[in-house]
Amino acid sequence: MTIPTLITTAQALLAPGKGILAADESSPTIEKRFKDINLPSTEENRRAYREMLFTTPEIGKYISGVILFDETIRQKLKDGTPMPLALSKQGIIPGIKVDEGAVALTNFPGEKITHGLDGLRERLADYRNLGARFTKWRAVITIGKNQPSQTALEANAAALAQYAALSQEADLVPIVEPEVLMDGDHTIARCEEVITATLKAVFDALFEYRIALEGMLLKSGMVLSGKECPQQAGISEVAESTIRTFRRTVPSAVPGIVFLSGGQSDVESTERLNAICASGNLPWKLTFSFGRALQAPSLQAWKGLPDQVGAGQAALHHRSKCNSLALTGAYSDKIEKAG
């Protein structure tokens, strides 16, 4: 582990006005999204889709890094350029999702644990050789009756910490992602309570595993009302609750927090990001690490048609620019509609 290298990479991912594109959808997830545009999820279609995204002109102005899937990091553009190299040519840092998905947590119905630690050290070495410079591991936390249990929180926190330790050992910046799902009818106050408990468990584990906090990033959701909650919190309340939660749980040594969009629409996530980032005077840099909230308009514009590549790229460029402006609180409805 070379801590200066980790710090340099983490800071590059947090470059002013830039965020991270999460393009690490698993095969079942991207198949579902392709169904929405009546496109078969073949290896070639997945490759063509990622090429459309990654070759968007000037996208490096707004995107600092891209999280890849195992299949994608091994693929090439039509001209033979490896995907990680294509990103690097745009000034974008290639990263890789390294967890192997969430499975049921034995004896805890409705709760999950993420697996993928077996063989991870060897896989990380392979990914670094393929061009990756950072990694991501996602834990899934549900809010429900008597959930999350302390067992689920601690088990997922321990897995995140072990993953982070192995990533740093391989000179790869870990993005630690404990996602608290929006599913349910819980209030924003309940969400704040759960995210607080989750982050406390995660940072306790990171300390235990001697993680260099300066060489990692936290990926978190915003503090929101559950999707089915009859009273949805407004933008300003979301921003206040989110900042308050982070101030209480995230050490200032962590260089940055990247937000996941997690079920929000593209515009909703940008509006809330704008309000949170306008808070100012925070110990960490804030940015985005959106998947669907960046990609959905692009996918709908592209539709798998070769003559619509430009339209798909224009949609991604617009969403990326909007989120870039949100990082300084400069996003507005006028800018949204200008695209």
(request) Name, by its number, the condition in (1) within 22 Å of L218 (Cα to Cα); (2) buried (at least 23 other Cβ atoms within 10 Å of the Cβ); (3) among the aliphatic types (A, V, I, L, M) that does not hold for L316. (result) (1)
(request) Return the total of residues in segment 225-248 being closer than 22 Å to G144 by Cα, in contact with a helix residue (DSSP H, G or I) (Cβ under 6 Å, 6 or more places away or on another chain) and not small (G, A, S). (result) 3
(request) Kindly indicate which of G80, G101 is more than 28 Å from L325 (Cβ to Cβ) and free of Cβ contacts under 8 Å to residues at least 12 places away in the same chain. (result) G80
(message) Among the residues in segment 158-175, are any under 28 Å from E271 (Cα atoms) and free of Cβ contacts under 8 Å to residues at least 12 places away in the same chain?
(response) no
(request) Run V202 past the list (1) more than 25 Å from P4 (Cα to Cα); (2) of a type in the set (A, V, I, L, M, F, W, C); (3) surrounded by 24 or more Cβ atoms within 10 Å (Cβ to Cβ) and report the number of the one that doesn't hold. (result) (1)
(request) Return the residue satisfying two criteria in turn: it lies in segment 226-259 and is farther than 20 Å from F207 by Cα and of a type in the set (D, E, K, R), and of such residues it is surrounded by the most Cβ atoms within 10 Å (Cβ to Cβ). (result) E240
(request) Keeping to segment 323-339, report how many residues are farther than 16 Å from A15 by Cα and either in contact with an Asp or Glu (Cβ under 6 Å, 6 or more places away or on another chain) or crowded, with 20+ Cβ neighbours inside 10 Å (or both). (result) 1
(request) Would you please list the contacts, defined by Cβ atoms under 8 Å and residues six or more apart or on different chains, that run from a residue in segment 297-322 that is part of a helix (DSSP H, G or I) and β-branched (V, I, T) to a residue that is modelled with pLDDT of 95 or more and buried (at least 22 other Cβ atoms within 10 Å of the Cβ)? (result) V309/M52; V309/W302
(request) Give the number of residues within segment 87-137 that are crowded, with 21+ Cβ neighbours inside 10 Å, part of a strand (DSSP E or B) and not aromatic (F, W, Y). (result) 8
(request) Considering each of Q168, Q162 in turn, give the residue that is surrounded by fewer than 19 Cβ atoms within 10 Å (Cβ to Cβ), assigned to a helix (DSSP H, G or I) and at negative phi. (result) Q162
(request) Take the residues in segment 18-40 that are buried (at least 17 other Cβ atoms within 10 Å of the Cβ) and in a loop (DSSP other than H, G, I, E, B), then tell me which one is farthest from the chain's Cα centre (by Cα). (result) L39
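The values are calculated or read from the model by the stated rules, or taken from the named source; none is laboratory data. Remember, predicted model here, so these are calculated numbers, not experimental data. So basically every Cβ, Gly included, is an ideal-geometry build from the backbone, and we count neighbours across all protein chains shown.
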